[in-house]
Amino acid sequence: MCVGRCSRFVGWSLVPMSVLSMLSNTLLLFPDLKARYLLEGHVTPEATWSTGLWASGLLVRLRCVCLGDLILMLAAAGICFLISSAGLACGPLCLHNSTEGLIWDQPLKKLIRRCALPYFPIQAWQTLTCEEPSGVVPWNAVLFSVLLATSGIQVLLCLSVMNEMLLYPLCISLC
(Lines give C-alpha, C1' and ligand atoms only; values in the text may rest on other atoms or scores of the structure.)
Protein backbone atom coordinates (compact mmCIF):
# COMPACT_ATOMS: atom_id res chain seq x y z
CA MET A 1 0.00 0.00 0.00
CA CYS A 2 1.32 3.44 -0.93
CA VAL A 3 2.24 5.86 1.87
CA GLY A 4 -0.31 8.46 0.73
CA ARG A 5 -3.12 5.91 0.52
CA CYS A 6 -2.30 4.50 3.95
CA SER A 7 -2.30 7.96 5.55
CA ARG A 8 -5.56 8.83 3.81
CA PHE A 9 -7.15 5.59 5.06
CA VAL A 10 -6.00 6.28 8.62
CA GLY A 11 -7.24 9.86 8.42
CA TRP A 12 -10.67 8.84 7.19
CA SER A 13 -10.94 6.12 9.84
CA LEU A 14 -10.18 8.65 12.59
CA VAL A 15 -13.22 10.77 11.65
CA PRO A 16 -15.99 8.28 12.59
CA MET A 17 -14.12 7.34 15.76
CA SER A 18 -13.86 10.97 16.82
CA VAL A 19 -17.59 11.44 16.15
CA LEU A 20 -18.33 8.31 18.21
CA SER A 21 -16.13 9.64 21.04
CA MET A 22 -17.91 12.99 21.03
CA LEU A 23 -21.31 11.31 21.03
CA SER A 24 -20.34 8.94 23.87
CA ASN A 25 -18.98 11.75 26.02
CA THR A 26 -22.05 13.90 25.37
CA LEU A 27 -24.31 11.03 26.45
CA LEU A 28 -22.18 10.53 29.60
CA LEU A 29 -23.04 14.11 30.59
CA PHE A 30 -26.77 13.30 30.55
CA PRO A 31 -27.43 10.14 32.60
CA ASP A 32 -30.98 8.91 32.11
CA LEU A 33 -31.05 11.46 29.24
CA LYS A 34 -31.87 14.27 31.71
CA ALA A 35 -29.98 17.56 32.01
CA ARG A 36 -30.98 17.79 35.67
CA TYR A 37 -28.05 15.66 36.84
CA LEU A 38 -25.53 17.80 34.97
CA LEU A 39 -27.04 21.04 36.29
CA GLU A 40 -27.03 19.72 39.88
CA GLY A 41 -23.43 18.49 39.57
CA HIS A 42 -24.33 14.80 39.83
CA VAL A 43 -22.26 13.61 36.87
CA THR A 44 -19.09 11.54 37.14
CA PRO A 45 -16.02 13.84 37.20
CA GLU A 46 -14.34 11.84 34.43
CA ALA A 47 -17.35 12.58 32.20
CA THR A 48 -17.37 16.31 33.00
CA TRP A 49 -13.73 16.62 31.95
CA SER A 50 -15.16 15.90 28.46
CA THR A 51 -12.03 14.30 27.03
CA GLY A 52 -14.19 12.53 24.47
CA LEU A 53 -15.22 15.95 23.15
CA TRP A 54 -12.00 17.95 23.11
CA ALA A 55 -9.28 15.29 23.13
CA SER A 56 -10.46 12.21 21.30
CA GLY A 57 -13.00 14.24 19.35
CA LEU A 58 -11.91 17.66 18.14
CA LEU A 59 -8.12 17.42 18.48
CA VAL A 60 -7.95 14.09 16.68
CA ARG A 61 -9.89 15.62 13.78
CA LEU A 62 -7.13 18.19 13.18
CA ARG A 63 -5.61 18.25 9.74
CA CYS A 64 -2.35 16.35 10.11
CA VAL A 65 0.24 18.41 8.28
CA CYS A 66 3.39 17.73 10.24
CA LEU A 67 4.81 15.56 12.98
CA GLY A 68 3.91 18.13 15.65
CA ASP A 69 0.21 17.87 14.80
CA LEU A 70 0.44 14.10 14.96
CA ILE A 71 2.12 14.21 18.39
CA LEU A 72 -0.66 16.51 19.63
CA MET A 73 -3.29 14.09 18.29
CA LEU A 74 -1.49 11.15 19.90
CA ALA A 75 -1.31 12.92 23.27
CA ALA A 76 -4.99 13.91 23.08
CA ALA A 77 -6.14 10.36 22.30
CA GLY A 78 -3.86 9.05 25.06
CA ILE A 79 -5.36 11.47 27.60
CA CYS A 80 -8.86 10.35 26.64
CA PHE A 81 -7.76 6.71 27.02
CA LEU A 82 -6.42 7.35 30.55
CA ILE A 83 -9.45 9.37 31.68
CA SER A 84 -11.83 6.72 30.30
CA SER A 85 -9.86 4.07 32.19
CA ALA A 86 -10.26 6.11 35.37
CA GLY A 87 -13.99 6.46 34.67
CA LEU A 88 -14.33 2.69 34.44
CA ALA A 89 -12.21 2.10 37.54
CA CYS A 90 -13.98 4.70 39.72
CA GLY A 91 -17.53 3.92 38.65
CA PRO A 92 -20.56 6.19 38.29
CA LEU A 93 -21.59 9.06 40.54
CA CYS A 94 -25.01 8.13 41.84
CA LEU A 95 -27.41 8.28 44.75
CA HIS A 96 -26.85 5.07 46.67
CA ASN A 97 -27.57 3.61 50.06
CA SER A 98 -24.59 3.72 52.42
CA THR A 99 -24.12 3.42 56.16
CA GLU A 100 -24.96 7.16 56.45
CA GLY A 101 -28.15 6.75 54.41
CA LEU A 102 -28.75 7.88 50.84
CA ILE A 103 -25.79 9.91 49.53
CA TRP A 104 -24.46 11.11 46.18
CA ASP A 105 -21.08 9.48 45.75
CA GLN A 106 -18.99 7.14 43.64
CA PRO A 107 -19.47 3.90 45.60
CA LEU A 108 -16.72 2.02 43.75
CA LYS A 109 -14.20 4.69 44.71
CA LYS A 110 -14.76 3.95 48.39
CA LEU A 111 -14.86 0.23 47.76
CA ILE A 112 -11.45 0.07 46.12
CA ARG A 113 -10.05 3.07 48.11
CA ARG A 114 -8.46 4.59 45.00
CA CYS A 115 -9.04 4.46 41.30
CA ALA A 116 -6.23 2.27 40.01
CA LEU A 117 -6.11 2.59 36.23
CA PRO A 118 -5.38 -1.03 35.31
CA TYR A 119 -7.95 -2.30 37.82
CA PHE A 120 -11.50 -2.65 36.52
CA PRO A 121 -13.70 -4.05 39.31
CA ILE A 122 -16.12 -6.05 37.14
CA GLN A 123 -17.63 -7.95 40.08
CA ALA A 124 -18.11 -4.70 41.98
CA TRP A 125 -19.85 -3.11 38.98
CA GLN A 126 -22.26 -6.07 38.86
CA THR A 127 -23.24 -5.69 42.52
CA LEU A 128 -23.50 -1.89 42.40
CA THR A 129 -27.02 -0.61 42.99
CA CYS A 130 -27.86 3.04 42.49
CA GLU A 131 -31.18 4.62 43.42
CA GLU A 132 -30.76 7.51 41.01
CA PRO A 133 -30.21 8.06 38.05
CA SER A 134 -31.84 4.86 36.90
CA GLY A 135 -29.63 2.64 34.77
CA VAL A 136 -26.50 4.71 35.40
CA VAL A 137 -24.30 1.66 36.02
CA PRO A 138 -24.64 0.06 32.55
CA TRP A 139 -24.85 3.56 31.01
CA ASN A 140 -21.42 4.53 32.37
CA ALA A 141 -19.90 1.09 31.79
CA VAL A 142 -20.89 0.98 28.12
CA LEU A 143 -20.10 4.60 27.26
CA PHE A 144 -16.73 4.67 29.06
CA SER A 145 -15.89 1.36 27.35
CA VAL A 146 -16.72 2.91 23.97
CA LEU A 147 -14.51 5.91 24.81
CA LEU A 148 -11.74 3.58 25.95
CA ALA A 149 -11.93 1.49 22.77
CA THR A 150 -12.12 4.40 20.32
CA SER A 151 -9.32 6.36 21.97
CA GLY A 152 -7.18 3.21 22.14
CA ILE A 153 -7.67 2.60 18.42
CA GLN A 154 -6.91 6.27 17.75
CA VAL A 155 -3.64 5.95 19.68
CA LEU A 156 -2.67 2.91 17.61
CA LEU A 157 -3.57 4.61 14.33
CA CYS A 158 -1.64 7.76 15.26
CA LEU A 159 1.36 5.62 16.19
CA SER A 160 1.16 3.82 12.84
CA VAL A 161 1.09 7.12 10.93
CA MET A 162 3.96 8.44 13.04
CA ASN A 163 5.94 5.29 12.29
CA GLU A 164 5.17 5.71 8.60
CA MET A 165 6.23 9.39 8.64
CA LEU A 166 9.50 8.57 10.36
CA LEU A 167 10.37 5.53 8.24
CA TYR A 168 9.30 6.90 4.83
CA PRO A 169 12.41 9.06 4.27
CA LEU A 170 14.60 6.09 5.21
CA CYS A 171 12.79 3.84 2.73
CA ILE A 172 13.05 6.44 -0.05
CA SER A 173 16.79 6.87 0.48
CA LEU A 174 17.37 3.09 0.45
CA CYS A 175 15.33 2.43 -2.71
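Out of curiosity, is Glu132 acidic (Asp, Glu), exposed (fewer than 12 other Cβ atoms within 10 Å of the Cβ) and modelled with pLDDT of 80 or more?
no
Sort through Leu67, Leu74, Leu59 and tell me the only one that's crowded, with 17+ Cβ neighbours inside 10 Å, under 18 Å from Met162 (Cα atoms), of a type outside the set (Val, Ile, Thr) and at pLDDT below 85.
The match here is Leu59.
Can you pull out the residues in segment 6-49 that are assigned to a helix (DSSP H, G or I) and of a type in the set (D, E, K, R)?
Those that are assigned to a helix (DSSP H, G or I) and of a type in the set (D, E, K, R): Arg8, Asp32, Arg36, Glu46.
So how many residues does segment 64-78 have that are touching a residue at least 60 places away in the same chain (Cβ under 8 Å) and part of a helix (DSSP H, G or I)?
The qualifying residues number 7.
The values are calculated or read from the model by the stated rules, or taken from the named source; none is laboratory data. Treat the numbers as computed from the prediction; the structure is a model and nothing was measured. Positions of Cβ are backbone-derived with ideal geometry, glycine not excepted, and every protein chain shown enters the neighbour counts.
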